Every structure is written in C-alpha cells, then in structure tokens.
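In what follows, a structure is listed as structure tokens, so that the remarks can point back to it.
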Amino acid sequence: MKDFGSDKKSVIQSNLDAQKIAFAPVMFQAAKSLRNLGILEYIFDHSKASIETIASALNLPVYGVKVLLEAGLSLEMVYLRDNEFILTKTGYFILRDKMTNINMDFTQDVNYLAINHLEESIVNGKPEGLKELGNWPNVYMGLSELPEKIKKSWFDFDHFYSDHTFPEILPILFASNPKNIMDVGGNTGKFALQCAKYDPTVKITILDLPGQTKMAQKNIIENNLKDRIFTKDINLLDDSNTLPKDFDIIWMSQFIDCFSLEEIEKIFHKAHDAMAENTSFYILEAFWDLQKFQSSSYILHATSLYFTAVANGNSQMFHSKDILKIIGKVGFVIDEIHETVGVSHTLIKCKKKAL
Ligand SMILES: C[S@@+](CC[C@H](N)C(=O)[O-])C[C@H]1O[C@@H](n2cnc3c(N)ncnc32)[C@H](O)[C@@H]1O
C-alpha cells in the first residue's frame, strides 16, 4: 500500500476533489451560465424560486434551467428547500463578488480556448495558446489590438489587483518627497495618474511597449497632465536597451512576473545601472508563498498557467525567495519590505549596495 505521508484528507473527500478537477471546465461553464443568464440574480432577488418560475420569468426553457440548477447543487451554489432553490454564500460570491467576477471573465475571455494548449506550451516553452487570440510573439505585443471584450477582461484583471494597492502605496512612496518617478511597465498610466494627482509637482515617466504607451498618452491628454507625465517606448527584452538615469524612484508593479528569472536578472541589472546612491527601486508583486488566504495562492497558481499558455510561455507568479535571491545577486540591499499591500501584494524597496 502506498504511504501518503502527511496527506490527511479522507478518501471520500479526495475522490470528490478529484471529480471536481475532472469536470472543472464543464462545471465552470455551468456556473458562468447560471450567472450570465440571470438565474442567480433572480433567485437572489426573490430569496427562493422554483425551476418553472425562473424559466417563465427569464423566458428560458425549463430543461435548461433544470440542468443548470442541478449542476448548481453539486457546485454548492444553490440548495433546495421544498422544490425551491436558494442561493448559498458561494452562489452569492459568483453573483456579486467583484474579484470572482473579474477572475471568471478573465478565465472565459482570455484563457478558456488558449489553456487547451497548456501541454504543448509546457513542452515547447512557448505560449502556444496565444494563437487563439492573435498572431503575436507574446500577449504584450498584442494587448492594444485585442478584441474589445477580451481586452476589457484582460485590463479588468490586471488593474483590479494593482488598483487596490494605490491607497497604501502612495504615502509610502511620497514620504521621501520624490521629484521624478520612472514607472517601468506603466501600462495605460493608471498609477502615473494617481501619483500626479497625489503630488502636484512630481513628474512621472512611463516606460512600456509602444501599444501601451499610446493608450497611456490618450489618458494623459484626457487628464491634462502632458506637462508632468511622459512616456518612452521601450522593449526591455532587447538586451541593447538601457533604463534612463536621474530618477528618484524606479517603480516596477506587476511587471517582473512578465519575465523569466534569467530575464528578470538582466532587467534588474539595467535598473542597477540606472540608479544613483540615493535612488530607491521599488518592486510590487504578489508572491504565492506570502498569502494569508488559500484562495489567494489558488488565484496566483492559476495565473501562472495563464503566463505559460497565453502570455509568454516562460514567466509566472513567483515564490518570494526566487526574487529575493536575484535582488541580492544583482547588488541591491533591501531597505524595506511591506507585506500584504492591497489584496495580495508585497512591496520591496531596494537600494544599491554601498561599494
Ligand atoms: C501585468 S502589466 C502591469 C501593469 C501595471 N504596472 C500594473 O501594476 O497594473 C505588465 C506591463 O509590462 C509591460 N511589458 C511587458 N513586457 C515588456 C517589455 N518587454 N518591455 C517593456 N514593457 C513590457 C506590458 O506591456 C504591461 O503594460
């Protein structure tokens, strides 16, 4: 008999969990249909409802409502009392929780077809699923060209997690009264705009691929901040590119997870070369080992697979030790670490090691 060591889960529970995995894509679609067709909303609004009532109110076939709600019983999204369905807390999360909805839409719109290419992506070290979205070497080259619905789901997912960090981050960053901030991978300029509004004199330069700086430019102009927020097109995978000098802060938020460990080491060297003694280098990332809740590490492990099959084939959401090792190797010292910023992030502040 095989010894399962510290696996204390019962056989019955293990079998059930295995079936949840075996049918995960099927049951995901059931949950999404219960949400999108308005069935969860109807039950929530009326506290409880029968199949026939829901079908008639939503103008759906009784058969369809029946199979979905029966799947909902196994998904523990609803329960039955006297022939009427009532929402569970899980059902309520699927209906109303913003993070759950953003994750579901990201799974459906960005990943659902692409993740079917995960095995090939692992074997080839390439994002083989990306062809389901478009013809680019990595997702960042195509972000601005994604079809509208897919683009919205991608940006909602990306922004949701970093947006929640802003209120905590800004007082930390501005405590040293920076005059010039370099936002590497600054995307559509959300963070730069927040900085400019927080401090009326600070100047920010966004560095990103051309598709993204173009979107940022539009937002900068709309916010009348052309004189304080600048953009620079750069591909940091090009070894000949360097980072500009003379910044008080170099900022990388949810950026290094777009690269392999070897690429991150090269990018950190570029940051090191661009820094003066008093420059602060901040890294904001969600590390899967530093999460308080199991649901957070689950999200991060799943997100890693998006990087494998869709984004670029070689990056992931990291274990903190992976990154701390490179920080030391490149020649930085850690000045501060702020754990659990926003939903799931850690903020690391580095300085150049004194010679
Ligand atoms: C996951 S987004 C993070 C955006 C933003 N900093 C945030 O915290 O929400 C990563 C950003 O890095 C940029 N990026 C990815 N690869 C890049 C490269 N090779 N050179 C420059 N920017 C790159 C992407 O275009 C994207 O805007």
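In square nanometres, what is one fourth of the surface area of the convex hull spanned by the alpha carbons of the stretch 119-209?
Working: hull surface 29.8 nm².
Mean orientational projected area (the stretch 119-209, Cα hull): 7.5 nm².
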> Viscosity 1.306 mPa s, temperature 10 °C: Stokes-Einstein D of the chain from its Kirkwood Cα radius, in µm² per second?
Replying inline: 70
>> Test of understanding: in a Gaussian network model of the chain with alpha carbons linked when under 10 Å, which of TYR63, TYR161, TYR198 would top the mean-square fluctuation ranking?
In response: TYR63
>> Tell me which of MET99, VAL123, ASN83 sits at the most positive position along the dipole axis of the stretch 76-142, charges placed on C-beta atoms (Lys, Arg +1; Asp, Glu -1).
In response: MET99
>> Taking θ = phi - 60°, what integer Hz values does the Karplus form 6.51 cos²θ - 1.76 cosθ + 1.60 yield along the stretch 333-340, in sequence order, with x for Gly and Pro?
In response: 10, 8, 8, 8, 10, 10, 8, 6
> Build a GNM of the chain with springs between Cα atoms under 10 Å: which of SER297, SER47, SER153 gets the top mean-square fluctuation?
Replying inline: SER47
> In deg cm²/dmol, rounded to 500, what helix-only [θ] at 222 nm does the chain give when every DSSP H run of at least 4 residues adds -39500 (n - 2.57) and the total is split over its residues?
Replying inline: -14000 deg cm²/dmol
>> Give me the dipole magnitude in Debye, nearest 20, for the stretch 175-305 about the Cα centre, with unit charges on the beta carbon: positive for Lys and Arg, negative for Asp and Glu.
In response: 620
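Where Rh is the Kirkwood radius over the Cα pairs of the stretch 11-96, the temperature 4 °C and the viscosity 1.567 mPa s, what D in µm²/s does Stokes-Einstein return? Before the final figure, lay out each step's value.
On the way: Rh = 13.1 Å.
The Stokes-Einstein estimate is 99 µm²/s.
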> If we count GluC sites (Glu not before Pro) as exposed when they sit in a DSSP loop and have at most 14 other beta carbons within 10 Å, what is the longest stretch of the chain that avoids them all?
Replying inline: 77-276
> With N residues in the stretch 149-191, what two-decimal value do you get for its Cα radius of gyration over 2.2 N^0.38 Å?
Replying inline: 1.38
> At q = 0.17 Å⁻¹, what log₁₀ I(q)/I(0) does a Debye calculation on the Cα points of the stretch 53-176 give, no solvent, two decimals?
Replying inline: -1.01
>> Please list, by residue number, every one of the chymotrypsin sites (Phe, Trp or Tyr not before Pro) in the stretch 234-297 that is coil in DSSP and has at most 16 other beta-carbon atoms within 10 Å.
In response: PHE293
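Restricting to Cα pairs below 8 Å that are 6+ residues apart, what does the relative contact order work out to for the stretch 11-96? Please round to a whole percent. Before the final figure, lay out each step's value.
Details: 86 pairs, mean separation 25.3, N = 86.
Rounded, it is 29 percent for the stretch 11-96.
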>> Under 5 Å between amide hydrogens, which residues at least 5 positions from CYS350 or on another chain qualify, with H placed 1.01 Å from N in the peptide plane?
In response: PHE281, TYR282, ILE283, ASP335
> Roughly speaking, what % of Cα-Cα pairs in the stretch 156-352 are separated by over 31 Å, rounded to a whole number?
Replying inline: 11
>> For a Förster distance of 45 Å, can you work out the FRET efficiency between the beta-carbons of LEU37 and LYS321, rounded to the nearest 0.05?
In response: 0.50
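Quick note: the coordinates plus some simple rules give every number you see, no bench work behind them. Here the structure is a predicted model, which is why all the values come from computation and not from measurement. We place every Cβ from the backbone using ideal geometry, glycine too, and count neighbours over all the protein chains shown.
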